[in-house]
Structure formats: C-alpha cells, structure tokens
Amino acid sequence: MRLFAERGYDKTSLREIADEVGVTKAALYYHFRTKDDIVRSAMQSYTDGLIELVDRAERRPPGTDRNRELVDGLLELFSTTGGAALRFGQANPTALSQIHLGEIHLTQLKRLIGLLAGDGASAEGTIRAALAFGALVIGVIGGEIELRGSSAERAQAARTVALELLAALDPR
C-alpha cells in the first residue's frame, strides 16, 4: 500500500511489490493474482477494523466515554492498516473506485458520524462529528499538509481537537 501511495497504483508493478516485501514474484502470485487483489485484501483489513469499531460503539450508551473510545479506536486503526488504506485512497481515487470499496467505506463513515453526532443531531452536530473524524485523519496520515511535531505529537493533538469538537455534543 505504501508503494501504491508513493508511486501510484498504475506505476507500481507486482515485481516491485515482491521485492519490497522480500518474496519472489511467484510467491506473491500464489497469494495475490493481481494488484487489485492486494488492494482488496489491505482495504478489507481496514474496513473490517472500522466495522468492528463502529459495531462495538453502537452497543455502548451515547456520551463522552463512547466518543473517547471511538476516537482512541480510530487513532489506533489509522496508526496501523487504516493509515495505509487512507493514504492509498487519497493517492489513487480512480483505482479505489474501480474495486468498489469506496461505497463500503462511505457507509461505515456515515454510521460513524451518526454515532459521534448523536441521535437527532443538528447541522452543527454532524459538522462537529465530521470535523472530529477529519482531525484524526489529518493528524495521523497528514497528506500534503505540512504539520509540525512528531507523529506522536500530531496524533495527540488530533485526539485533543477531536474530543474538544465532540464535547459540545455530550448529552449529559
């Protein structure tokens, strides 16, 4: 996923991927016949993690504790498979749409924003929830924006900002 994000999906060969992970091209082919299969596998890992996180949160009562758990869970997910998946999606939106994983991600994002915003959320509530999610994404994966601080400092700052945005939505 890192190679796809850095070089582009179309410009990355299976040979380069095999070399990067330290296996033969034949061994890579044994597990993944195409680049699409590699992307589907990596994206599925991220999507599964996101679904599990949202499912778990839906079983918890609304409020600050649930939002804190969601924020911390998202930070953990973005620091592992999720970060690579999101970077891939940013760098290769056409490839992502061709393998039809964008719709699954969008469905989970809608569930997540709904949970963060709360039942019967106002326009402000949904915007706060979306911005909290965006703060976490930007804080962990960055993108083209040059942010100051170490990756740990940026993740902590993103957590603080996300929780501040969501604090105004606490029903207590």
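The values are calculated or read from the model by the stated rules, or taken from the named source; none is laboratory data. None of these values were measured; they are calculated from a predicted model. Note that we place each Cβ from the backbone using ideal geometry, even for glycine, and neighbour counts take in every protein chain shown. SASA here: full protein model, heavy atoms, side chains in, ligands and nucleic acids out. Shrake-Rupley method; radii C 1.70, N 1.55, O 1.52, S 1.80 Å.
Restricting Ala155, Ala167 to those that are out of contact with any Asp or Glu (no Cβ under 8 Å at 6 or more places or on another chain) and more than 14 Å from Asp72 (Cα to Cα) reduces the list to Ala167. Of all residues in the range 5-38, those being in a helix (DSSP H, G or I), modelled with pLDDT of 85 or more and crowded, with 17+ Cβ neighbours inside 10 Å number 5. Residues in the range 61-74 that are part of a helix (DSSP H, G or I) and over 24 Å from His105 (Cβ atoms): Thr64, Asp65.
What number of residues in the range 115-147 are under 20 Å from Glu76 (Cα atoms) and open to solvent by 40 Å² or more (accessible area, probe 1.4 Å)? Total satisfying the criteria: 5. In the range 97-116 there is at least one residue that is assigned to a loop (DSSP other than H, G, I, E, B), in contact (Cβ under 8 Å) with a residue 12 or more places away in the chain and β-branched (Val, Ile, Thr).
Assess whether Ser41 counts as being farther than 23 Å from Gln156 by Cβ, in contact with a Phe, Trp or Tyr (Cβ under 8 Å, 6 or more places away or on another chain), of a type in the set (Gly, Ala, Ser) and surrounded by fewer than 18 Cβ atoms within 10 Å (Cβ to Cβ). Against the criterion (farther than 23 Å from Gln156 by Cβ, in contact with a Phe, Trp or Tyr (Cβ under 8 Å, 6 or more places away or on another chain), of a type in the set (Gly, Ala, Ser) and surrounded by fewer than 18 Cβ atoms within 10 Å (Cβ to Cβ)), Ser41 qualifies. Evaluate the range 47-60: report whether one residue or more is touching a residue at least 60 places away in the same chain (Cβ under 8 Å), surrounded by fewer than 19 Cβ atoms within 10 Å (Cβ to Cβ) and assigned to a loop (DSSP other than H, G, I, E, B). Within the range 47-60 (the criterion being touching a residue at least 60 places away in the same chain (Cβ under 8 Å), surrounded by fewer than 19 Cβ atoms within 10 Å (Cβ to Cβ) and assigned to a loop (DSSP other than H, G, I, E, B)), the answer is no, since none of the residues qualifies.
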